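Please read the structure below before turning to the comments.
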Protein chains: 2
Amino acid sequence: MARSTILIADNSCMIRKGLRSILQNLENSEVIQLIDNKEDVCGIVHKRKPDILIINPDMLPGDCLDVKRELFNENKLSLILLSNRKNLKNDLKADGYINYMDGQNTILDMMQEILNKNNKSSFPNKNSETISSREKNILKHIALGLTNKEIADQLFISIHTVVTHRKNITQKLGIKSVSGLTVYAILHNLISMDEVK
Amino acid sequence: MARSTILIADNSCMIRKGLRSILQNLENSEVIQLIDNKEDVCGIVHKRKPDILIINPDMLPGDCLDVKRELFNENKLSLILLSNRKNLKNDLKADGYINYMDGQNTILDMMQEILNKNNKSSFPNKNSETISSREKNILKHIALGLTNKEIADQLFISIHTVVTHRKNITQKLGIKSVSGLTVYAILHNLISMDEVK
DNA sequence: CGGACAATACCTACTTATAGGTATATTATA
DNA sequence: TATAATATACCTATAAGTAGGTATTGTCCG
């Protein structure tokens with residue numbers, strides 16, 4: 001089963017990071033991006049196509065019909081509302097609700113329920129970006145800032161092999177620059193920013 | 001220089017974890033405990049003796065004179081108030097204030113100031129990370145994935161100049177790899193992840 | 001005024017990376 | 001079991017980046 005992808009959109013940096021930290025306890029999911037700007041929501045949702053969108057109603061682009069259609073009609077995406085308002089359930093319909101004051105267990109239970117529901121339908125897959133696990137590993141080393149030579153030494157393979165892998169990666173992903181690959185690796189949780197130097 | 005210790009007390013799990021995540025970017029400090037229960041504050045502060053207490057006023061034990069004495073008289077401990085109220089500064093005196101909506105940089109700047117004040121005794125400064133605004137701009141382009149040639153064309157300068165800037169940047173920051181520079185640029189808000197390709 | 005710094009430019013020698021190939025053994029999997 | 005995909009290896013040429021310099025303008029500030 002592919003991991004469910006989650007987007008978090010909230011004005012507060014602390015809330016975003018805190019929620020991500022809590023959600024790291026979930027097995028079958030990964031938070032792929034945090035959004036802090038109302039204007040970015042539409043574009044990023046379209047680009048990343050998450051399975052779950054956790055969003056503060058304040059960030060909901062009221063005028064963006066595209067996202068709403070995707071949210072409510074196509075039913076591809078689970079919508080979870082994140083807010084400090086108590087009576088949100090009565091005002092807005094969504095698949096789930098998280099309050100700023102909710103404890104970790106409350107949040108995790110609710111999320112697990114959503115994940116179970118989503119995976120029941122068992123859609124095949126859609127991620128065309130299928131790089132092999134070996135390639136993922138190489139990519140990780142690239143994003144960490146190692147040279148081809150260093151990667152080769154570390155993995156006990158020849159530099160030619162590294163080069164070949166690298167060629168395949170850049171071709172598959174359509175990303176040529178090291179910075180692009182680095183961002184890709186971060187976004188896909190291959191590395192964390194702390195590790196890089 | 002010993003690392004400064006920080007305690008965080010707030011009702012919201014998300015806020016606690018989010019703030020801790022943000023503060024991990026600080027060099028000379030570490031968050032030693034998160035407190036979610038008003039009753040525990042006094043005891044934990046006494047036991048752990050942190051250098052900095054970040055606390056939601058709702059958690060402040062109004063009846064606990066010990067903590068207050070330590071806070072305001074002995075002046076050993078820096079008090080930072082954490083809240084979603086805007087007008088907090090007028091109501092309560094503290095060494096610093098964090099609003100739920102504050103961005104990461106705002107928070108880190110404020111905290112760094114507190115840390116510097118506390119550590120005034122020792123070292124003068126250490127932020128050798130002073131790259132010029134021009135260098136910042138070059139760095140931005142590097143992190144965006146442009147080649148030296150492309151940067152030169154875009155800024156109407158010769159490729160030699162770009163190379164020289166690049167040399168200075170890598171020397172000043174001590175970061176050699178493009179991926180490292182990319183992460184640096186993201187972390188310092190020179191670019192956002194979306195822009196990279 | 002004079003020194004420090006920033007921005008610019010150029011040079012050589014050297015290292016790394018990219019783009020185009022070909023090729024073979026192993027491993028899934030239809 | 002065939003076939004596709006993966007991991008491995010090597011090649012040539014060319015492009016790009018790094019490391020070590022030097023040098024000329026400005027501008028800001030003590």
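What is the sum of charges around residue B:103, taking Lys and Arg as +1, Asp and Glu as -1, for the other residues whose C-beta is under 14 Å from the C-beta of residue B:103? Taking every other residue near residue B:103 into account, the sum is -2. Of B:188, B:46, the sequence from fewest to most neighbouring Cβ atoms within 10 angstrom is B:46, B:188. Sequentially through region A:163-169, phi angles give Karplus couplings (6.51, -1.76, 1.60; θ = phi - 60°) of 4, 4, 4, 4, 4, 5, 4 Hz, Gly and Pro residues having no value and appearing as x. Working from label points 7 Å from Cα in the Cα-to-Cβ sense, the residue A:49 to residue A:134 distance is 2.8 nm.
May I ask you to sort B:97, A:184 by Cβ crowding, counting other Cβ atoms within 10 Å and putting the fewest first?
Going from sparsest to densest Cβ surroundings: B:97, A:184.
Contact order, relative form, for region B:133-195: 42 percent (alpha carbon pairs under 8 Å, 6 or more residues apart, mean separation divided by residue count).
Cross-link pairs exceeding 32 Å between alpha carbons, from the set A:38/A:149; A:86/B:89; B:49/B:172; B:117/B:167; B:49/B:140; A:176/B:136: A:38/A:149; B:49/B:172; B:117/B:167; B:49/B:140. Between residue A:4 and A:29, A:30, the built amide H atoms are under 5 Å apart, and every one of these is 5 or more places off in sequence or on another chain. Subtracting the Cα-Cα distance of residue A:117 and residue A:85 from their residue separation scaled by 0.36 nm leaves 9.0 nm.
Scanning residues 5 or more positions from residue A:78 or on other chains, those with amide H under 5 Å from its amide H are A:52, A:53, with H placed 1.01 Å from N in the peptide plane.
The ranking of A:29, A:192 from fewest to most other beta carbons within 10 Å of each one's beta carbon is A:192, A:29. Applying the Karplus relation 6.51 cos²θ - 1.76 cosθ + 1.60 with θ = phi - 60° to region A:178-185 yields 3J(HN,Hα) values of 4, 5, x, 5, 4, 4, 4, 5 Hz, where x marks Gly and Pro.
Between residue B:195 and residue A:105, the simple spin-label model (points 7 angstrom out along Cα→Cβ) gives 4.5 nm.
Rule-based calculations on the coordinates, nothing more; no lab input. Predicted, not measured: the structure shown is a model, and the values here were computed from it. Virtual Cβ from ideal backbone geometry, glycine too; neighbours counted across all protein chains shown.
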